[in-house]
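What follows is a short report on a single structure.
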Amino acid sequence: MDVDKSDNTDASADMGSPFMEFKTSIPENGLVLAWLTRDNTKPIRPQTGSALHTRFGSFQHNSMISSKYGTQLASSSSTQAGFIHLLHPTPELWSMSLPHRTQIVYTPDASYIVQRLRIRPGSRVIEAGTGSASFTHALARTVAKNGRIWTFEFHEPRYGIAKKEIEEHGLDSVVKCSHGDVCKDGFISACDENLDASAVFLDLPSPWIAIPHLKTVISKKKIVRICCFSPCMEQVQRTIEALQKEGWLDIEMVEVSCKRWEARKEMIRKPEDAIERLRDIKRRRNEGLRKRNERIISQEQNEETASEPQENGAATPAEKFILDKPFLPSEYNPWGRGKRVHEGEDGYEWKDVSKVEAELKSHTSYLTFAYLPPLVPGKEEMLVPSR
Ligand SMILES: C[S@@+](CC[C@H](N)C(=O)[O-])C[C@H]1O[C@@H](n2cnc3c(N)ncnc32)[C@H](O)[C@@H]1O
């Protein structure tokens with residue numbers, strides 16, 4: 001991990017925003033993203049005397065406080081020998097661990113959008129809706145301390161949670177959360193500032209209704225770039241019509257398709273293995289049939305006769321039926337049920353393969369980009385009729 005060497009390693013030092021500055025060591029109550037598995041990262045704030053309980057074991061917060069970010073921590077449970085990694089927050093990791101309130105923008109889209117909108121330190125950005133504030137974190141890290149993000153959300157509880165989260169993450173001096181319907185009322189910021197934004201990101205069901213409201217809040221002196229994030233083509237079409245009507249230029253739609261390739265080992269199987277596999281299927285089918293017969297027979301038996309123990313200790317009719325059935329021995333089959341072969345395990349033949357990851361963590365949407373040039377004094381009407 002990239003660590004700022006000038007960082008204050010004192011755990012009790014002022015925390016700032018962990019999304020903007022790297023710290024070397026984990027402060028008490030500081031945000032840590034505990035990496036359990038590839039699909040399970042848990043945000044925690046270590047407190048003296050507390051513990052994180054997982055299926056990999058328990059992890060004492062005391063052992064986390066003052067240890068270095070990136071530490072691999074072993075479980076303190078005597079029965080579970082698991083471990084976790086204690087990671088420093090980043091917008092990318094946050095998008096994998098945040099409590100989802102909505103669909104979110106994932107890193108492949110977020111990074112592309114930030115680049116296409118030319119967002120950089122000091123940029124002034126409008127975002128609607130806030131949703132789970134996944135993209136808001138990516139924006140905040142990019143615009144940094146001198147930038148501004150005005151984010152709008154009309155769902156009150158969602159707005160409240162996002163605002164609290166932004167405050168807890170020390171981002172509230174950069175991110176201004178407002179509660180409101182941008183389609184109905186436009187972009188009225190709660191902080192009463194002149195927005196003068198040069199980038200706009202709309203992740204709303206009907207961005208075409210919000211677009212006409214933008215002209216009063218975007219910069220007139222700078223080029224302004226917009227991205228609308230829509231899952232359906234019909235939404236894209238309506239957005240494009242609104243953008244054209246409002247004088248936006250260079251309208252273009254993009255779909256980001258990001259696939260991670262992984263190097264894996266695949267077991268080499270022989271024809272004999274396939275035969276053995278078929279035998280295994282047959283054996284399990286026979287076993288299933290046998291169990292079904294047992295159930296039918298025991299239902300048919302007179303309950304008393306079936307359950308009454310025989311005086312001489314002999315089997316009941318139901319037991320006899322089971323015992324009389326031919327027993328099919330299970331053949332050794334490394335791919336059969338119950339036998340788990342770990343990838344690359346000794347004793348088997350393996351070949352190196354590359355595969356696309358099975359589940360793609362990205363919300364596939366269409367990204368519609370456009371820009372509005374700055375107004376030229378005296379030529380406003382000619383350049384962009386609607387501004
Ligand atoms: C898909 S979510 C946004 C997710 C967000 N980009 C993220 O990465 O977490 C869309 C959000 O827009 C909000 N929304 C929809 N229409 C709105 C409107 N007219 N004004 C403000 N917010 C709106 C919804 O309540 C929802 O929370």
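The values are calculated or read from the model by the stated rules, or taken from the named source; none is laboratory data. All values derive from a computational prediction rather than experimental measurement. With ideal geometry, Cβ positions are generated from the backbone for all residues, glycine too; neighbour counts draw on all protein chains shown. Surface accessibility is based on the protein's heavy atoms, side chains included, excluding ligands, DNA and RNA. Shrake-Rupley method; radii C 1.70, N 1.55, O 1.52, S 1.80 Å.
Numbers at a glance
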| read-out | value |
| --- | --- |
| Amide hydrogen neighbours beyond the local backbone of I126, cut-off 5 Å, H modeled | W150, A199, V200, F201 |
| Contour excess over end-to-end distance, with Cα ends at Q301 and Q80 and 0.36 nm allotted per residue | 74.9 nm |
| Relative contact order for segment 41-171, counting Cα pairs under 8 Å that sit 6 or more residues apart, in percent | 16 |
| Distance between modelled label sites at T48 and E272, nm, 7 Å Cα→Cβ extension | 6.5 |
| Formal net charge of residues neighbouring Q235 (Cβ-Cβ distance under 15 Å; K, R +1; D, E -1) | -3 |
| In order through segment 261-277: 3J(HN,Hα) via Karplus (6.51 cos²θ - 1.76 cosθ + 1.60), integer Hz, x for Gly, Pro | 9, 10, 8, 10, 10, 10, 6, 8, 10, 9, x, 4, 5, 5, 5, 4, 4 |
| Solvent-accessible area of M96 with every protein chain in place, 1.4 Å probe, in Å² to the nearest 10 | 90 |
| Distance in nm between pseudo-label sites at S63 and Q237 (7 Å out along the Cβ direction from Cα) | 5.9 |
| Cut-off 14 Å, label 7 Å out along Cα→Cβ of E21, residues of segment 75-94 by amide N | none |
| Given charges at beta-carbon only (K, R positive; D, E negative), |dipole| of segment 213-261 in Debye | 360 |
| Trypsin sites (Lys or Arg not before Pro) restricted to segment 97-126 and DSSP loop, no more than 15 other C-beta within 10 Å | R118 |
| Length added when fully stretched, R264-V341, from 0.36 nm per residue minus Cα-Cα | 26.3 nm |
| DSSP-loop GluC sites (Glu not before Pro) across segment 225-301, with at most 11 other Cβ within 10 angstrom | E255 |
| Qualifying GluC sites (Glu not before Pro) for segment 110-210 [loop in DSSP, other Cβ within 10 Å: at most 13] | E193 |
| Projected label distance in nm at E349 and I209, using a 7 Å step from Cα toward the beta-carbon | 6.4 |
| Given K164/K215; K265/K355; K23/K68; K176/K222; K42/K145; K184/K222, the pairs whose alpha carbons are separated by over 18 Å | K164/K215; K176/K222; K42/K145; K184/K222 |
| Scattering curve values for segment 129-260, log₁₀ I(q)/I(0), Debye with Cα scatterers, q = 0.14 Å⁻¹ | -0.65 |
